[in-house]
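Asker: If you scroll down you'll find the structure; I have some questions about it.
Computed from the coordinates by the stated procedures, all read-outs in this text should not be read as laboratory data. Because the structure is a prediction, the values reported are computed rather than measured. Quick reminder, even Gly has a Cβ in these numbers, built from the backbone with ideal geometry, and neighbours come from all protein chains shown.
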Amino acid sequence: MNIRISGGQFKGFKFNNPKSSDLRPTMESVRLAIFSILDSKFDGITNETVFLDLYSGTGIMGIEALSRGADKVIFIEKNRSYCYKIKENLIKLNLLNKAEILFGSVFANLSKIKNKVTHIFLDPPYIFKDYKKIIYEIENNNILNNNGIIIIEMRNQSIDTFLEHSHYNSYCRQKGDTKILFLNNKMEKYESNLSR
């Protein structure tokens, strides 16, 4: 499986990843949309960005954040072979000094994060349903800074139900059958753009 970095210093760089039916990397068009929205509606990726890539898989989102100028990325992945491959690709790009790879489940590792992060990207397995639980754990571990952003990639879930009791302001964008949800305390009101 070849994946290409879509922007930043290493734009166009391709690397191989494990062949697995369980591996579902974020599509390039979705990555482009995510980083474009971060640039236009927030402060983008800067040299002060600390990016947390949950359910990392290939690690493409975190690696792309580094390519676009992030100071540090923390990867959490429970598949050991995927962790090795993330490390291998970071070494190829000379980015290992800007990364931390945590092996194990997201819930077991959130408490190990000692520094505040500015961005959290969340793309759990297709069958995952309990987004409220993981948002609760993020808040309970107090790892997101005051103006931090949570980015959720989801499919076929009802965003209105998810947001029903959320105190976050939000923005939603749809790309094909993929919904991209941005949660942030800073935005003035709920916005939605469910266009293809």
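Asker: Taking 32 Å as the cut-off for C-alpha to C-alpha distance, list the pairs among LYS92/LYS133; LYS14/LYS132; LYS98/LYS133; LYS14/LYS133; LYS92/LYS132; LYS19/LYS41 that go past it. Write down the numbers at each step before the final one.
Answerer: Working: LYS92/LYS133 36 Å; LYS14/LYS132 35 Å; LYS98/LYS133 29 Å; LYS14/LYS133 35 Å; LYS92/LYS132 36 Å; LYS19/LYS41 35 Å.
Those over the limit are LYS92/LYS133; LYS14/LYS132; LYS14/LYS133; LYS92/LYS132; LYS19/LYS41.
Asker: Can you tell me the dipole magnitude for the range 73-131 around its Cα centre, using point charges on the Cβ only (Lys, Arg +1; Asp, Glu -1), in Debye to the nearest 20? Mind dumping the intermediate values first?
Answerer: Values: 10 positive and 5 negative charges, 35 e Å.
For the range 73-131, the charge dipole is close to 160 debye.
Asker: Okay, next question. About the Cα centre, and with charges only on the beta carbon of Lys, Arg (+1) and Asp, Glu (-1), how big is the dipole of the chain? Nearest 20 debye, please. Walk me through the intermediate numbers first.
Answerer: On the way: 28 positive and 21 negative charges, 112 e Å.
It works out to roughly 540 debye.
Asker: With θ taken as phi - 60° and the coefficients 6.51, -1.76 and 1.60, list the Karplus ³J(HN,Hα) couplings across the range 41-50 in order, rounded to whole Hz; mark glycine and proline as x.
Answerer: So the J values, rounded to whole Hz, are 10, 10, 9, x, 9, 10, 6, 10, 6, 10.
Asker: Another question, then. Over the range 44-91, what is the relative contact order in percent, taking alpha-carbon pairs closer than 8 angstrom and at least six residues apart? Display every interim value, and only then the final one.
Answerer: Details: 69 pairs, mean separation 19.5, N = 48.
Taking the mean separation of contacting Cα pairs over the length of the range 44-91, I get 41 percent.
Asker: Return the long-range amide H neighbours of ILE149 (sequence gap of 5 or more, or a different chain), with a cut-off of under 5 Å between placed amide H atoms.
Answerer: HIS119, ILE120
Asker: What relative contact order, as a whole-number percentage, does the range 2-193 give when Cα pairs under 8 Å and 6 or more residues apart are counted?
Answerer: Working: 339 pairs, mean separation 30.4, N = 192.
About 16 percent, as a whole number.
Asker: A further question on this structure: Among PHE182, PHE51, what is the fewest-to-most ranking by other Cβ atoms within 10 Å? Walk me through the intermediate numbers first.
Answerer: Values: PHE182 22, PHE51 27.
Ordered by Cβ neighbours within 10 Å, fewest first: PHE182, PHE51.
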